[in-house]
Amino acid sequence: MLVHAFLIKYAEIALKGKNRYRFEDALVHQMEIALSKIEGDFEVKKEQGRVYVFCPENYDYDEAVDALQHVFGIVGICPVMIYEEQGFEKLAEDVVSYMKQWHPDFNGTFKVWTRRAKKSYPISSMEVSAELGGRILDAFPEASVDVHHPELDLSVEIRDKIYVYSQTIPGAGGMPIGTNGKAMLLLSGGIDSPVAGYMIAKRGVKIDAVYFHAPPYTSERAKQKVVDLARLVAKYSGPIRLHVVNFTDIQLYIYDQCPHDELTIIMRRYMMRIAEHFAKKDRCLGLITGESIGQVASQTLQSLASTNEVCTLPVYRPVIGFDKEEIVRISRKIDTFETSIQPFEDCCTIFVAKHPVTKPNLKVIRRSEQKLSEKIDELMETALDTTEIIEIQ
């Protein structure tokens, strides 16, 4: 049976006090963006401490639910049946009719929960719940009431109309995008960085991204893989501005001029410099990476300190304490895993030293970078000027 409204439940937003309306407005905006991609005229509306989605006469139910499940800030999506308010007897008749349609042959335990938003309604919430429970027992003699651990929660909200629902579809949780600033994600073709972007976005941060491309050592298919990953993350985070940086000449120059055991660290430091350039240009408040302590040579504490040293913006590493299995579990949940494991190399794996230094000395690294002379600045300028920007929706 096609419903024509959804009640949207949120959690953390309710704790925001006087600023709550700002978070609600951001949530409504993100829901409107998500639903705009589906055929039909959906209306998202705030009503008396509730957020509702009112649906068109004909629409794709599964597509609508899927779109809402990708909106951060939503913890539950409740399909709602709406009835005209015509007195208690009609209300009871409608509720019993709802049960017969949605839960035919019900024989489990249930509880009726009533919220009387219309304070002029002549019967109290507890009296409505008790009376409706009795009517349901008459219609379903094998059912029973359990107010502590019911198998079915039946919710009735009395407003200008009667709203009835008994199902809560899980949402993505978190905070609405845009409520906590913007950050720049260093997005590779691996498993970790899309997960890092998802996790930061879940806290309400809008994200843009930068990808380091190294043709001809990395193929166009490798670049497309990153675009595909950005598109999957954007299902949760909203639109992403992806900066594709041609990093080949910088990498080759570092490869020729610097000790090979320091290649990974020095290349990483230049990636961070470039990422920060675009982050500041896009008014981001920090950088995001998918680094996890000890996972590879460039992710020891000493290595992370070496790459941090070139940044003036904070660097956020949401998977820093996760092991690979935990990261993979999230990547499967957000559908990025299968794309991430496609066998297309990225620039970090092409120019890798056989025996990279795991405990770099900052003084030594700085001394090696001084050998790069002014040419590295010219290569950096060229890379910045030739960066391709792809708008990911």
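Counting only heavy atoms of protein chains, what accessible area per residue, in Å², does the chain have with a probe of 1.4 Å?
47 Å²
How much net charge surrounds Ile254 when only other residues with a Cβ under 15 Å from its Cβ are counted (Lys, Arg +1; Asp, Glu -1)?
Residues near Ile254 contribute -1 overall.
Take the alpha carbon gyration tensor of segment 262-302, find the square roots of its eigenvalues, order them as a ≥ b ≥ c, and report rounded if a/c is under 1.5; if not, report prolate when a/b exceeds b/c, else oblate.
Because a/c hits 1.5 or more and a/b fails to exceed b/c, segment 262-302 counts as oblate.
May I ask you to derive the FRET efficiency for Tyr61 and Glu374 from their Cβ-Cβ distance with R0 = 51 Å, giving the value to the nearest 0.05? Present the calculation step by step, with values, prior to reporting the outcome.
Numbers: r = 62 Å, r/R0 = 1.21.
The value I calculate is 0.25.
Per the helix-only calculation at 222 nm, which mean residue ellipticity applies to the chain, given -39500 (n - 2.57) for every DSSP H run of n ≥ 4 and division by its residues, nearest 500 deg cm²/dmol?
When only DSSP H runs of four or more count, the value is -12500 deg cm²/dmol.
May I ask you to compute the full-extension gain from Asn180 to Thr312, defined as 0.36 nm times their residue separation minus their alpha-carbon distance, rounded to one decimal in nm?
Between Asn180 and Thr312, full extension yields 45.6 nm more.
What is the percent carbon and sulfur in the accessible area of segment 7-123, measuring with a 1.4 Å probe over the protein chains and ignoring ligands?
Taking all protein chains in place, segment 7-123 shows 46 percent carbon and sulfur surface.
Would you work out which of Tyr211, Cys258, Ala139 lies farthest towards the positive end of the dipole of the chain? Charges go on Cβ: Lys and Arg +1, Asp and Glu -1.
Cys258
Could you list, in their original order, any pairs among Lys223/Lys281; Lys45/Lys111; Lys225/Lys324; Lys18/Lys111; Lys161/Lys202 whose Cα atoms are separated by more than 25 Å? Write out the running numbers ahead of the final one.
Values: Lys223/Lys281 23 Å; Lys45/Lys111 28 Å; Lys225/Lys324 20 Å; Lys18/Lys111 33 Å; Lys161/Lys202 34 Å.
Violating the 25 Å limit, Cα to Cα: Lys45/Lys111; Lys18/Lys111; Lys161/Lys202.
When you count, for each residue, the other Cβ atoms within 10 Å and take the mean per peptide, how do 187-196, 9-18, 130-139 rank with the highest first?
187-196, 130-139, 9-18
Considering only protein heavy atoms, with the full assembly of protein chains and a 1.4 angstrom probe, order Thr387, Thr336, Thr168 by accessible area, largest first.
Thr168, Thr387, Thr336
Helix 192-201 against the longest principal axis of the chain: what's the angle in degrees, Cα atoms only, rounded to the nearest 10?
Approximately 50 degrees, to the nearest ten.
Relative to the Cα centre, what is the charge dipole magnitude of segment 1-76, using +1 at the beta carbon of each Lys and Arg, -1 at the beta carbon of each Asp and Glu, and rounding to the nearest 20 debye?
Magnitude of the dipole: close to 680 debye.
Trypsin sites (Lys or Arg not before Pro) within segment 259-311: which are DSSP loop residues with at most 10 other Cβ atoms inside 10 Å?
Arg283
Suppose each label sits 7 Å from its Cα in the direction of the beta carbon; what would the Asp41-Asp153 distance come out to in nanometres?
Inter-label distance under the simple model: 3.4 nm.
Please work out how much length the chain gains when fully extended from Glu391 to Asp105, using 0.36 nm per residue of separation minus the C-alpha to C-alpha distance, in nm with one decimal.
Details: separation 286, 0.36 × 286 = 102.96 nm, distance 5.12 nm.
Net length gain for the segment: 97.8 nm.
Using the alpha-carbon atoms, what tilt in degrees (0 to 90, nearest 10) does helix 88-102 show relative to the longest principal axis of the chain?
50 degrees
What dipole magnitude, in Debye to the nearest 20, does the chain give about its Cα centre under +1 on Lys/Arg Cβ and -1 on Asp/Glu Cβ? Show your work: numbers first, answer last.
Values: 47 positive and 55 negative charges, 326 e Å.
With Lys and Arg at +1 and Asp and Glu at -1, about 1560 debye.
Given Cβ point charges of +1 (Lys, Arg) and -1 (Asp, Glu) and nothing else, what value in debye, to the nearest 20, does the dipole of segment 127-237 about its Cα centre take?
1120 debye
Rounded to the nearest 0.05, what FRET efficiency is calculated for Phe88 and Val145 with R0 set to 25 Å and r the Cβ-Cβ distance?
After rounding to 0.05, the efficiency reads 0.85.
Given points 7 Å out from each Cα along the Cα-Cβ axis, report the Leu384 to Ala11 separation in nanometres with one decimal.
4.2 nm
7 Å from Cα along Cα→Cβ at both His4 and Asn19: what's the point-to-point distance in nm?
Each label point is offset 7 Å from its Cα along the Cβ direction, giving 3.9 nm.
Please pull out the direction-averaged projected area of the chain, using the convex hull of its alpha-carbon atoms, in nm² to one decimal place. Present the calculation step by step, with values, prior to reporting the outcome.
On the way: hull surface 90.9 nm².
Averaging across all directions leaves 22.7 nm² for the Cα convex hull.
Between Gln167 and Phe54, what is 0.36 nm times their sequence separation minus the Cα-Cα distance? Round to one decimal in nm.
Length difference between fully extended and current span is 39.0 nm.
The values are calculated or read from the model by the stated rules, or taken from the named source; none is laboratory data. Everything quoted here is computed from the prediction, not taken from an experiment. Don't worry about glycine lacking a Cβ; one is built from the backbone with ideal geometry, like all the others, and counts go over all protein chains shown. Protein only, heavy atoms only, side chains kept; ligands, DNA and RNA dropped before computing areas. Shrake-Rupley method; radii C 1.70, N 1.55, O 1.52, S 1.80 Å.
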